[in-house]
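Here is the structure we will look at, set down as structure tokens.
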Number of protein chains: 2
Amino acid sequence: MERAREIEHIANYTSILTSRTLNEMTGCDVYIKCENFQRGGAFKFRGAYNAISQLTDEEKDRGIITHSSGNHAQAVAYVGKISGIKTTIVMPDNAPDVKVDATRGYGAEIVFSEATIESRENACNKLIDEHGYTLIHPYDNLNVIIGAATASVELISETGPLDYIIAPIGGGGLISGTSSYAKLSGKVKYVIGAEPELANDAYLSFKKGEIQPQQTPVTIADGLRTMLSPLTFSFIKEHVDEIITVSETEIVEAMKFLWERMKIVIEPSSATVLSALIKGLSDGQIKTDSKIGLIISGGNVDLEGFFDNIKKQIVKN
Amino acid sequence: MERAREIEHIANYTSILTSRTLNEMTGCDVYIKCENFQRGGAFKFRGAYNAISQLTDEEKDRGIITHSSGNHAQAVAYVGKISGIKTTIVMPDNAPDVKVDATRGYGAEIVFSEATIESRENACNKLIDEHGYTLIHPYDNLNVIIGAATASVELISETGPLDYIIAPIGGGGLISGTSSYAKLSGKVKYVIGAEPELANDAYLSFKKGEIQPQQTPVTIADGLRTMLSPLTFSFIKEHVDEIITVSETEIVEAMKFLWERMKIVIEPSSATVLSALIKGLSDGQIKTDSKIGLIISGGNVDLEGFFDNIKKQIVKN
């Protein structure tokens, strides 16, 4: 974690919010780390920056590549831009225009592939072979994981020691960084992962002690549809105390609470941590009267439809 | 402002956000004071608390009343609840259930009237005559105005002196408190009010030097449909440098930016301050390369439809 402070400095320091209503509702002191306020709208900037900044000059000259249609794509494109590194992003040909445009807006070259994960990886590997690009994997990369840990470093530097910290699990990068810092620093008693029931590969892997494949997940939490890698699974086995899975309805209810009562725009993936807190308290996996940190991973949601409706309602003047 | 610190302590201290994108877009250093994070979701708590806490014991025993269907109603009901004071709110009979329920949820008695302002005032005055309630007017009340000023006190205590501060104008309570503190403290050079073109009574009054009646306003900025009182107009004349009016389209565009890029849920009334900043820069009323504070007044918007749509999309599990 020796580089944590530098990454912290380069990433946006993100606010920590609290809510009397939430504290009364849970009987706990809850601290919400708002990575939706991070550059690019998600924690992904931290890992992308850390991984890319540690490349050799020769690697930087050859350029970087990743395959993603989500927050990691934008983070890599953004870091590529501010670091002056040629950046290529392989995106599925059914990616929404808004995401393609945002990524291209950071100056990245977009290469389209078919929507399957195999097509994306093949397209990516082909370009790596041809051009010598360095792959910045979204989570199967130790420097990406260390970068992600800096959100917890900031959180705990403000709150002091915590009883619990809860982070969502997709590919496992965020929970790997979060749990490593939490446990190695000795500042957090229990680390809990939050996962959708409909994308519960980490939960099943955790319970069986070996990686279980992700079936084709349909969860609304689009950032959590990916599956663990051996690297992230090793961190989870070592440092995570429990994984709590939540239903789609629970995710949407928690998301609604965070928008309506806390006035923050967060994506469904992030809402899982609040759902897991509420469920864990009700099932006894989390003790009441605790001091709890929630990592809100991002706030990138499509608001076009919402604002199109509002625009239809206004009186022209 | 001697009571400012106490009110500050009792109100939620609200975060100040910044955005690289916004700073690049405007060529200014912009500080956003997030009163959408305030208790009750709007700055109104500050004024309601200050006014109500200064009543005599006898007045508190008799109870308080106000007429409003908006943020002030909920603020008064909330302060009534935490102060143990009987609270009556006169609401129009067409007020949305969500607002009636929220106000009733704080333990206030709701009395319905017809939707006209005359009916509401008559119903209110009748109850005052019968029960001796004290009216807590939403803005025509010096203690409400002083309470509203504490948002600026907090903002400037963090940012230091500002070139400009921009606040929305509805009845004028927020701009009265903001501009008084800004100018009397000597910490802000220019105070600008933001108002919808479709509810421009303050702009017209400011330009003519006497109060102009508000026509029936249809602006989407529902918090700004009220008109100035002689008290608030006197503060505006004394301390406000300019009023910038903005179109409905400009309001929605600014609202979209604040939701999409800054990830905060804010109401249309609050978006006017960003619209006014953009317009003022473009028209030369605001100089680029300035240090600017924006008071985001609140975040109470109806999200039921948005989440109903999301609920329809999720897969049941």
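Contact-buried residues of the range A:241-256, at a threshold of 50 Å² lost accessible area versus the chain by itself: A:Val252, A:Lys256 (1.4 Å probe; DNA, RNA and ligands ignored). Computed with a 1.4 Å probe over protein heavy atoms only, the accessible surface of the range B:197-317 comes to 41 Å² per residue. Counted over the range A:1-128, the DSSP beta bridges are approximately 20% antiparallel. Only protein chains counted, 1.4 angstrom probe. Which residues of the range B:187-215 are at least 30 Å² less accessible in the assembly than when their chain is isolated? Listed in order, they are B:Leu198. Compared with the dominant principal axis of the Cα atoms in chain A, helix A:268-283 is inclined by about 30°.
What is the helix-to-structure angle for A:142-159, meaning the angle in degrees between its Cα long axis and the longest Cα principal axis of chain A, kept from 0 to 90 and rounded to the nearest 10? Approximately 30 degrees, to the nearest 10. Each peptide in A:294-303, B:265-274, B:216-225, B:93-102 receives the mean, over its residues, of other Cβ atoms within 10 Å, and ordering these scores from highest gives B:265-274, A:294-303, B:216-225, B:93-102. Take the cross-link list A:Lys312/B:Lys316; B:Lys256/B:Lys279; B:Lys99/B:Lys279 and give me the ones stretching past 23 Å between alpha-carbons. Long pairs (Cα-Cα over 23 Å): A:Lys312/B:Lys316; B:Lys99/B:Lys279. Of all the options B:Lys263, B:Lys237, B:Lys279, the one that moves most in a Gaussian network model of chain B with Cα springs shorter than 10 angstrom is B:Lys263. Across chain B, the relative contact order, built from alpha-carbon pairs under 8 Å that are at least six residues apart, equals 20 percent. For chain B, leaving out every one of the GluC sites (Glu not before Pro) that falls in a DSSP loop and has at most 14 other Cβ atoms within 10 Å, the longest unbroken run is B:3-113.
Here is how far apart the A:Arg261 label points are across copies: 3.1 nm, shortest first, using a point 7 Å from Cα toward Cβ. Here B:Thr216 and B:Gln313 are evaluated by their C-beta separation; at R0 = 45 Å the FRET efficiency comes out at 0.75. Here the calculated FRET efficiency for A:Lys81 and A:Asp57, from their Cβ-Cβ distance with R0 = 25 Å, stands at 0.90, rounded to the nearest 0.05.
Going from the chain on its own to the full set of protein chains, the range A:302-316 has these residues losing 30 Å² or more of accessible surface (heavy atoms, 1.4 Å probe, no ligands, DNA or RNA): A:Leu303, A:Glu304, A:Phe306, A:Phe307, A:Ile310, A:Lys311, A:Ile314, A:Val315.
Projected over all directions and averaged, the alpha-carbon convex hull of the protein assembly as shown occupies 28.4 nm².
For the range B:186-243, with all protein chains in place and a probe radius of 1.4 Å, 51% of the accessible heavy-atom surface sits on carbon or sulfur. With no solvent and one equal point scatterer placed on each C-alpha of chain B, evaluate the Debye formula and give log10 I(q)/I(0) for q = 0.07, 0.15 Å⁻¹, two decimals. Treating every Cα as an identical point scatterer, log10 I(q)/I(0) equals -0.26, -1.21. Straight-line reach from B:Lys237: taking Cα to Cα under 19 Å and skipping same-chain neighbours fewer than 8 places apart, the lysines in range are B:Lys183, B:Lys187, B:Lys189, B:Lys207, B:Lys208. The smallest convex shape that holds all Cα atoms of the range A:44-135, its convex hull, gives 75 Å³ per residue. Each other copy holds its own label point for A:Asp57; taking that point as 7 Å from Cα along Cα to Cβ, the gaps run 7.9 nm, nearest first.
A point 7 Å from Cα along Cα→Cβ stands in for B:Leu303, and the other copies hold the same point at 1.1 nm, listed in rising order.
Reported to the nearest whole Å, the Cα centre-to-centre distance from the range A:227-251 to the range B:282-298 is 45. When A and B come together, around 3600 square angstrom of accessible surface is lost from both chains combined, probe 1.4 Å.
Spatial offset of the range A:111-148 relative to the range A:68-96 amounts to 10 Å, using the alpha carbon center of each. In the context of the full set of protein chains, the range A:44-135 has a per residue accessible area of 45 Å² (1.4 Å probe).
Only beta bridges with both residues in chain A are counted; by DSSP, about 10 percent of them are antiparallel.
Among the residues of B:70-78, the average count of other protein chain beta-carbon atoms within 10 Å of the residue beta-carbon is 0. Between 0 and 90 degrees, the angle of helix B:44-53 with respect to the longest Cα principal axis of chain B falls at about 50 degrees. Counted over the protein assembly as shown, the DSSP beta bridges are approximately 10% antiparallel.
The values are calculated or read from the model by the stated rules, or taken from the named source; none is laboratory data. None of these values were measured; they are calculated from a predicted model. Reconstructed Cβ throughout: ideal geometry from the backbone, glycine too, with neighbour counts over all protein chains shown. Ligands, DNA and RNA are stripped out before the accessible areas are found, and what is left, the full protein with its side chains, is counted by its heavy atoms. Shrake-Rupley method; radii C 1.70, N 1.55, O 1.52, S 1.80 Å.
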